[in-house]
Every structure is written in structure tokens, then in C-alpha cells.
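Every number here is computed from the coordinates shown, using simple stated rules; none is lab data. Keep in mind it's a predicted model, so treat the numbers as computed, not measured. Note that each Cβ is placed from the backbone with ideal geometry, even for glycine, and that neighbours are counted across all protein chains shown.
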Amino acid sequence: MRKLELHWKILIGMVLGLLFGYIMTGVEGGGTFVSNWIKPLGTIFVKLLKLIAIPLILASLVKGISDLKDISKFRNIGVRTIAIYMCTTLVAIVLGLLLVNIIQPGDGISEETITKLTDTYVNDSGVTSKLKTASMQKSKGPLQFLEDMVPDNAIAAMSNNRLMLQVIFFTIFLGISILLIGEKRAKPLKDFFDSLNDVVLKMVDLIMLTAPFAVFALLANVVVSAGDPELLVALLKYAGVVVLGLLIMIVFYGILVTVFTKKNPFWFLKQMSPAQLLAFSTSSSAATLPVTMERVEEHIGVDKEVSSFVLPVGATINMDGTSLYQGVAAVFIAQALAFDLPLSEQLTIVLTALLASIGTAAVPGAGMVMLVIVLESVNFPPEKLAIGLALIFAVDRPLDMFRTVVNITGDATVSMLVAKSVDKLGKPKPKNWDDHYEDVK
């Protein structure tokens, strides 16, 4: 009997999780049961993925750089990566603005719905914390994000997943230094990181064995903790515009893959599907990063020299799905609250969202924090900011799940484009968790 592929197992887990969560909403005490006995399984899984994210970046990036032999290759990879990321983010923002101006979802929101959303969410701790974080972020200087990239304590940076850019900076610095001391002197350290990389990738394989059960738990919890169904329905048109834009971005990535790498886009999406389904379930690019790297390297064939730089950087600064959401959400709020937003101000949104996607990379809950910065850039009334966030807060979690899928798909696409441009896109070489099990059992 043919073994069921991983993405089908995860998909089955997701569907069963949604059904189980829906059933539990109609059972007295069902929500408490899911929170106490089901949710922890998903939380442990996400923690395991985050646990190995930093070791994987450290080992993979050092191995990738030290294998280059030529430092100019790394410069070529870096420049191309940043340039392509900026271009895809720009496409996402412009696409979002085009869709929201054509469909105008904010014009259909009634005063009654606005009042109900405001009363429900305006004082929510999630809304107030995002406003506070955005205020702190805006008060920083224009080069603060560069300053924040450089750690003053490498060990402290490695102890916090939100400081991933600092870890990347230190790891690049370490990898280049290993290159510069010569192959003979660098060999012991290089062998250590090569071995660590293999071990961490094996940990990814082992963690993924539990993925179907974990996504069941994560999705069941999402359903039982969802907000007022009536408010979700009221925001359906807005949510539909965001999801439509995200789907178009997936098609855009498929076109890029076809044109520049000559690969079948459906094959690409199939290979990435386990990572995409996890991104949907966890709503975290950082948590999904180990799986994204494993799929891109072993199942798509991108050389580690490219993937070890492109993917960690992408997980922190490339947010195509989130950037598209910025444009849609900002204009939707303006439409709903009758705030005039001419073309010139919408061009400001493009620039601000582009810069904010880098500047707020390490901020928790970056999507809504970025949105506050974008709204302030077009002189949106400060007293209405909380109301604006309250309007979209009810559907932020489900939309976050969709935009995280686009974020990691964009990262994978760019890794393929960069790999192809430097002749580092080879044949896939998938590994299984039990490749050496017979030797040790």
C-alpha cells in the first residue's frame, strides 16, 4: 500500500481540527476542554519548531558561507536577494491598493456595524498593545533598524527568536571570518557546523512526524476562540479582498517560477505544501522557517549556499502577504470611516509600507503595528486609530494565517530565482527521518 504523503496527512489533520472545533463550540464546556487538553499539543509543536530555528540558521548559514570559497559569490547572492525582495513587496502593495480601490469593501459597512466593532474591540488589549508598540517604533530614528541588526551580545541574541536579524548578522560575520583564516585552520569549526546542520535537519524530520496532530490542535483552538460570527460575516467583503489579493500573489509566484527557473509551478506548490499548511496553522514565518528550509533544499533543489541566506532573511524582512494587507486595510478603514484618501496619499502608503516591512521586522505582531505606521503616514486622525484597528481586529487572525502562507511562498520563490541566477538550483535530494535508523536500532 502506498504511503500517504505528508501534505495530505497535514491537510486531513486541518480538516478534522476545524470540524472538531466547530463541534466543540456547540458543546457546553467544549471551549475549555479544547483550551486545556487540545491546544497544548499545538503549542508544544510550535515551540519545537522555534527551538531549532536559531541553531538551524547558525549551522546552515555558516556552512553555506564557508562552502563558497569565494566571498564575491556571497555579495552577489546578497544583492540579488534584497533587490528581488523589494520588487515582490512593491508588487504586493500596489496589487492590494488596486483591488481595494476597485472593489471598495469599506463602502458597504453600516454605522451599526462600525459601532458594534468599536464597542467590542476598541479597548481590547491586542489593539492597545499594537498602538503602543507602533508609537515606540515611530519614535526611533530612520536608521534604527540597522542599529538593531547589530547585537552587543551574540548569546543573548540567540536566546530570543525575535532577534533573528541579529543572529543572521553575527552568523554572516562568523562565516566570512572562517573563510578568511584559511581552509586548514577553519576545518575543525567547519566540520562542527556541517555536522550540526545535519543533526538539526534530522530534528526537523522528527518534529514533522507530529505535524498532522499539531495542526489538528491548532485549528481546533482557532475555531473555538473565534469572535462573534455576525461581526465576521460583516467583514466578509473586506476579508475577501485580502484573500483575493493573496491568491493573485500565489499565481504571480507561479509565473516567476515558470519564467525564470523553467519549473512547473504546480510541482513547486506541491513541494512547498507542507510548509504552507504549517504556515497557515501557526501564523508564524519564523516558526515555519525550519520546514521551509528543509523543503526548499531537499525537495526543490536549492543549494544551501543560497537557501541558508535567502530564507532566514526573508522570514524577517520579506512580508509580501503582510504588505498587501497593509494597503487593503488602510484604504478599507479610510473608506469605512469616511476619511478622504487621494492618490497622492496612497502613493505614500506604498513607500511607507515598503520601508515598514523592513523597519518593523523584529516587532511581535508586526502586521497591525505596520498598519498603524502606514495610517499615521497619511495623517489619519490619531483619535480614530483605535477605531480603525477595531474595525479589522475580528478577522485579523484568520487573515494572518493566509498572509503567512504568502510570506513563506514568496521566500521560497525568491530563493529559487536567486539560486537559478547563480547556477545553484540542482536536483532535489529528499531525506527521510529513518534513513539511518537500521544502523542504530
Using alpha-carbon coordinates, inclination of helix 39-66 to the longest axis of the chain, degrees
50
Extension gain, Glu383 back to Asn153 (0.36 nm per residue minus Cα-Cα distance, nm)
78.8 nm
Pop a pseudo-label 7 angstrom from the Cα along the beta-carbon direction at both Asp119 and Asp423 and give the gap in nm to one decimal.
6.9
If r is the Cβ-Cβ distance from Gln144 to Thr43 and R0 is 30 Å, what FRET efficiency results, to the nearest 0.05?
0.40
Each label point is 7 Å from the Cα along the Cα-to-Cβ direction; what then is the distance between the points at Asn101 and Ala338, in nm?
2.3
GNM, the chain, Cα, under 10 Å: largest mean-square fluctuation among Ala353, Ala386, Ala338?
Ala338
Note the listed values [x] 1.08; [y] 0.97; [z] 1.11, then indicate which one is Rg/Rh (Cα atoms, Kirkwood Rh) calculated from this particular structure.
[y]
Compute, for region 150-268, the length of the dipole vector about the Cα centre, with Cβ point charges of +1 (Lys, Arg) and -1 (Asp, Glu) only. Units Debye, rounded to 20.
440
Can you find, among Leu163, Ser273, Pro188, the residue sitting farthest towards the positive end of the charge dipole of the chain, where Lys and Arg contribute +1 and Asp and Glu -1 at Cβ?
Pro188
Which entries of Lys69/Lys184; Lys304/Lys441; Lys50/Lys304; Lys63/Lys420 have Cα-Cα distances beyond 18 Å here?
Lys304/Lys441; Lys50/Lys304; Lys63/Lys420
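What is the Cα convex hull volume of region 23-71 when expressed per residue in Å³?
Enclosed volume per residue, from the Cα hull, is 83 Å³.
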Rank Lys184, Lys420, Lys140 by mean-square fluctuation in a GNM of the chain with C-alpha springs under 10 angstrom and give only the top-ranked residue.
Lys184
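Pull out a ≥ b ≥ c, the square roots of the eigenvalues of the alpha-carbon gyration tensor of region 292-441, then state rounded if a/c is under 1.5, prolate if not and a/b is larger than b/c, and oblate in the remaining case. Each step should come with its number before you reach the end.
Details: a/c = 3.60, a/b = 2.31, b/c = 1.56.
Judged from the Cα gyration tensor, region 292-441 comes out prolate (a/c at least 1.5, a/b above b/c).
With a Förster radius of 60 Å, plug the Cβ-Cβ distance of Lys237 and Phe192 into 1/(1 + (r/R0)^6) and report the FRET value to the nearest 0.05. Don't skip to the answer; put the middle values down first.
Values: r = 55 Å, r/R0 = 0.91.
The formula returns an efficiency of 0.65 here.
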Please quote Rg/Rh for region 222-372 to two decimal places, taking the Kirkwood radius as Rh and restricting both calculations to Cα atoms.
1.00
Under a Gaussian network model of the chain whose springs join Cα atoms within less than 10 Å, the largest fluctuation of Ser125, Ser285, Ser377 belongs to Ser125
Any idea what the dipole of region 6-429 comes to, in debye rounded to 20, about its Cα centre with Lys/Arg Cβ at +1 and Asp/Glu Cβ at -1?
1420
Report the residues of region 193-224 in range of a label on Thr32: point 7 Å along Cα→C-beta, backbone N strictly under 11 Å from it.
none
Helix 183-208 sits off the longest principal axis of the Cα atoms of the chain, rounded to the nearest 10 on a 0 to 90 degree scale, by 50
If R0 is 45 Å, what FRET efficiency do you get for Lys202 and Ile23 from their C-beta distance, rounded to 0.05?
0.75
With each label point set 7 Å from Cα along the Cα-Cβ vector, what nm distance links Ile71 and Leu347?
4.1
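Using only Cα atoms, what is the ratio of the radius of gyration of region 49-160 to 2.2 N^0.38 Å? Before the final figure, lay out the partial values.
Numbers: Rg = 21.5 Å, N = 112, 2.2 N^0.38 = 13.2 Å.
Relative to the rule-of-thumb radius for its length, region 49-160 sits at 1.63.
If you put +1 on each Lys and Arg Cβ and -1 on each Asp and Glu Cβ, how big is the dipole of region 5-99 around its Cα centre, in Debye rounded to 20?
Values: 9 positive and 4 negative charges, 82 e Å.
For this selection, approximately 400 debye.
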The chain: angle of helix 304-317 to the longest principal axis, Cα-based, in degrees nearest 10:
20
